[in-house]
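Below: one structure, written as structure tokens.
The numbers here are math on the coordinates, done by the rules we state, and not lab data. Please read all numbers here as calculations on a predicted model, not as lab measurements. Using ideal geometry, Cβ is built from the backbone for each residue, glycine included, and neighbour counts are taken over all protein chains shown.
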Amino acid sequence: MENLINKLQDMFAVKDVQDSKKNQILLTVKASKVPALLSFLKEFEGFKVLVMISSVDWIEIGKFQLSYIVNDPDKKNDLIIRAFISRKEASMISIHSLWGHASTFQREIKEMYGIDFPGSPRVDEPFLLEGWDDTPPMRRDFDTKKYSEETFFPRPGRESNDPAEYMKKRLYPDEK
Amino acid sequence: MKNNLTSLLNWNTNRSNYPEMDADGNPIIDLESQKFIKVWQGPNHPGVTGNMSLELTISGDEVVDSKTHVGYLHRGFEKLFERRKYIQCFPTCIRMCVPEPDTNEYNLAVGTEELGGIEVPDTAKWLRMLALEMARLQVLLRMVPGQAGTMGLGLGSQWGMYYRELILDRFEELTGGRIYHMYILPGGVRGLMPEGFDKRLLGNLDKIDGFIADIDKLIFSNAVFKKRTIGTGFIPNDWVDHYGITGPVARAAGYKRDVRKDYPYLFYDQLDFDYNIAQESDVFARFEVRRQDLVTTVDLLRQILAKMPRTGDIRATTPNVLHWKIPKGETYVRVESSRGEYGFYMVSDGTEYPRRINLRGPSYTHAVSVLEKLLVNSNISDVSAIMVSLATCPPEIER
Amino acid sequence: MTEELKDNNIEQVEDKFLAPENRKHTVTGPEGEIIHVDPLQDYYCNERPKAEDPRNKIVEKFLNWARAESLWVLGFGTGCGSIEIPPLLSPRFDAYRFGVAMRATPRQSSVIIISGYLAVKTLKRVIRSYEQMQNPKFVIALGSCTINGGMYWDSYNTINRLDYYLPVDVYVAGCMPRPEAILAAFDKLKTRIKEGRAEGANEYVEKFDWYKANQKKVIKNWNMPDYNW
Amino acid sequence: MDIVKKIGFVLLGLFIVLNWGLLMAGIMRKIIARVSMRRGIKIFQPYINLIKNYSIRSQLTHGIMFYLGPVFRLSGGVGIFLFMPMIYGSDIWNNFSFTGDLILIAYFMFFGMLGMALGAGEGGHPYSAIGISRGLAQFTAIELPLTLAILSIAIQYQSLSITEIVAAQQGSILNWTLFTNPLATGAAMISFLGAMGHSPFNVVMAPQENPVGPPTEYHGTFLGVLQTNRAILHVVEAVLYMNLFFGGANNWIELIVKTFFIYFWSVFVGMVFPRFRVDQSIPWLLKLPVLIGVAAIIVFIV
């Protein structure tokens, strides 16, 4: 593993390398280098399996994080590759040609975060939602509670009582 | 001339080049030409597992193009987690995969422990293993005879449901819940085994042995079942890595993929079991692998009951769960569910709310990208058999 | 002609989710005649539903007994509650004893079980299935999520109260309700039918506009005919 | 006056057959339930289902053929009944049986299916069209062994009249066609599996493979008519087999016992087999059962 990390540091300038646990390494790389890094790992280093593509919204710094988890089924190692892209006009290079199921992940991320993957198959078709015209729902600035209350006729619930005050009111109404 | 004659007599011709493909590999389908019909299977169709739909273009009885449509069960779990503290995530997260909820709680608990730096006591680990294996057993009891149920042999499923109820009874005894257990929490488990539990569980396992012998006779040696399944839904070897296929489906293709052996968690390295492998990679092979898994699971439960301590600490001390700030970090945790590798990618930003919990279920690849490819050139009657053989579980795709 | 074109344009601007083939358009016939096509109109059922009043009392009582003793359930698992439907029909609980059977098609079924939360995408299919069922028809709603949203009360994609979209006969609380609870719900439904109170289909017709308004508020992509009985 | 009496008895016979069909369906469902460790439905459940279906308030029809489909189907079932001698030796229970009734009945067995095809086609549901095309294709293959068996019997007894065939089997249990012509019986009993709509030949109505097939769109009274026909058809087809192969019946009790066991044969096989696909069932039916049927003919020609 260390050998590999050194190689990656030379070739792709990966930084921020951490051991998250045994056999699992986190690293950060520039977004433009992700496809090259992934195809290198796939072809030459035995990381044959793409476990998942995930995305995290760091609204505080105005960036989206894209995480590519790849797995080496023979040596049983995991790499979590992180890339940061700007939140405005978010777009990322598609890797659908490397793995067959990558396009599904990308389709979901496009729908949920609004990150575009130009060229990925069926990326513009809705995946989970139907007729969605609001902010992409997984963005941090989308308030699901507010949306639900405005749209779905919330049923008025019980009045919630603070138990301490309620007991006081019931048992010692005179006390101040 | 001779060629024409032989093709006339042979009704199992190779149809894989039909219909013609364009340059990008997409089939050329002209619905106006009246050669093709478009039919929808699902969401309201008994042959589709769960709430999902398949848009099939058929020509005669043959599927020439298929598209999966998911999202009928989308609840936005990953958004809801942003508004919930870690402990509040538990009741929500188990609903992500309904047939086998325990893997969800286990993943979330382990991820939280890894990020928060908590060590779990040994007894709790054994009890977690017990719960996970029981969960696997109850799923397999439904799924193995269910494969024959997709072809009209419902008798096995009825029997299987009876034995599944026995395991659900044991779950009720252990955890208080029938489907949703909420047994595995960060730091340990909720309770010890009740008195006499292991005796009753062992009794049930003996009965299940008898059930396995019964379905061997009913389904495995059934000529029509073999005729329907052998050679149906073949997955080529090179798809396994290219599509990230895991679990029994990969094992049926001859790949040794089992999270319990590859990345031993809990005390699986102390138990004696092996990869269950088949080579043929068709519906029958997957069914056979699952049946082997059923035998293995029964065996593992016996081993666990023999080895596990009956008393001891079951819960590590954690900070107050409502004010527990998990340190910043990222991790990917995985567990072997009955359908394959089941993983959580967890990102914590140092507050008491998770930043992101992303689920990667086996159905995500099996039922979307693989199923679409696999159905092409299959018979429309085999669609549900193939779908069940991939162990499709729509809620984990959509979350 | 310009009038009509304008109308069509307005329609298209309003329904931005409507698939292109489902929009109103005109087709030129083989002899040059112009045919207006509205794909979302079901030509067999292009009139508003009518309430079907019960017949005379004694006959209706007998028929209601038959309806109650033979409940054909639409096999549509809409949510997690559908995990408890197979056990319901298996040796331990055996709902067949009570005249419950599963049917695969909405035309033949009289009961629809909404098993748990409804995502917006499913709600659309449920409405369509419900409308295709024939009067009298009954709705059983399982789980807290159909009552007030339950666990998903703040989710952006699940509805909170089912009775705003369909007339519900029996609610079953819990997450998830045990099979015993579902059997009890069938029992309750039978009592309701025998007493002649389960007139959900007629209620749906009477408050049709209100139901449609609620449904259209949630389902922005209204890609189906307004009536399909 | 005679003809009025005759019609009265025919209607009474139809009533008995309908009731026995419904009861038999209930009993069979009960047996199936017991095998799968359940208690099962009430025996009178088919009656309740029938009443319920006739009491559905709203119906919609997709056109005239859709409306006529169940009517054709019912006339297929009733047609077989009309020309079928029910009880041997009884003047009143042999209905309108005549010398060539066997051919007419073989035609009526296909007739309902064709009517159903027209109706299901007009229903407009793609799965009904798929189901009915599967059904017709498979039913042709199912009819073939039966036709060969009937031919074999006709050659054996030198007659196309059911009454004469039954008469030839009287006397001893060893005179039954089952023992005198086992090959024809074998071919016909395999064909019976398909005719009854149980596994392994029920892909037409399979819920998993295509939801309920041809009757997908039928509801209410239409479905009630189809169910009525089903009850009648199951009994009269069993009666046909009873007459041809199992010595006929001398009274109603014998008829009930024999039809029960003949029908039970299809349930028994259906219980333990999954279903064939159409492209598997047709080649299968065209191989072994047809060969048996041809052998049955050759034996009697030579």
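A few remarks follow.
- Amide proton proximity set for residue B:185, modelled H, under 5 Å, gap of 5+: B:190
- Helix axis angle, C:208-218 relative to chain C longest principal axis, alpha carbon, degrees: 80
- Taking amide hydrogens as placed 1.01 Å from N in the peptide plane, the amide H of residue C:102 sits under 5 Å from those of C:73, each at least 5 positions away in sequence or on another chain.
- Separation between Cα centres of the stretch B:251-314 and the stretch B:324-399, rounded to whole Å: 20
- The GNM of chain B, with springs linking C-alpha atoms under 10 angstrom apart, assigns the highest mean-square fluctuation among B:57, B:150, B:311 to B:311.
- Computed 3J(HN,Hα) for the stretch C:127-135, one whole-Hz value per residue from the Karplus formula 6.51 cos²θ - 1.76 cosθ + 1.60 where θ = phi - 60°, is 4, 5, 4, 4, 5, 7, 6, 9, 5, glycine and proline marked x.
- Fully extending the segment from residue D:136 to residue D:170, taken as 0.36 nm per residue of separation minus the present Cα-Cα distance, adds 8.6 nm.
- Prolate/oblate/rounded call for chain A, Cα gyration tensor, a/c under 1.5 rounded: prolate
- Crossing angle, helix B:283-307 versus chain B [Cα axis fit, 0-90 degrees, rounded to tens]: 10
- Alpha-carbon centroid distance for the pair the stretch A:80-136 / the stretch C:119-143, whole angstrom: 33
- With the cut-off at under 18 Å, measuring from each backbone N in the stretch D:43-87 to a point 7 Å along the Cα-to-Cβ line of residue D:5 picks out D:87.
- Within the protein assembly as shown, DSSP assigns beta bridges of which about 75% are antiparallel (rounded to the nearest 5).
- Selected from B:175, B:317, B:365 as most flexible by GNM, with chain B as the system and alpha-carbon contacts under 10 Å: B:317
- 3J(HN,Hα) from dihedral phi, the stretch A:142-154, Karplus parametrisation 6.51/-1.76/1.60, rounded to Hz, x for glycine, proline: 8, 9, 5, 5, 4, 4, 5, 5, 6, 9, 9, 6, x
- Shielding score for C:131-139, defined as the mean number of other chain Cβ atoms within 10 Å: 3
- Amide H to amide H, with H built 1.01 Å from N, residue D:86 comes under 5 Å of D:94, D:95, counting only residues 5 or more places away or on other chains.
- Whole-Å distance, taken between Cα centres, linking the stretch B:152-187 and the stretch D:12-37: 34
- Karplus (6.51, -1.76, 1.60) ³J(HN,Hα), θ = phi - 60°, over the stretch D:78-84, in Hz, Gly and Pro reported as x: 5, x, 4, 4, 4, 9, 9
- Across D:272, D:17, D:225, mean-square fluctuation computed from a Gaussian network of chain D (C-alpha pairs under 10 Å connected) peaks at D:272.
- Shielding of C:83-96 by partner chains, average beta-carbon count, 10 Å: 6
- Computed from Cα positions, the angle between helix A:34-44 and the longest principal axis of chain A comes to roughly 50 degrees.
- Using the Cβ-Cβ distance between residue D:106 and residue B:325 with R0 set to 60 Å, the FRET efficiency from 1/(1 + (r/R0)^6) comes to roughly 0.15.
- MRE, 222 nm, helices only [DSSP H, n ≥ 4, -39500 (n - 2.57), over chain C, to nearest 500]: -10500 deg cm²/dmol
- Taking every residue in A:60-72 and counting other chain Cβ atoms within 10 Å of its Cβ, the average works out to 2.
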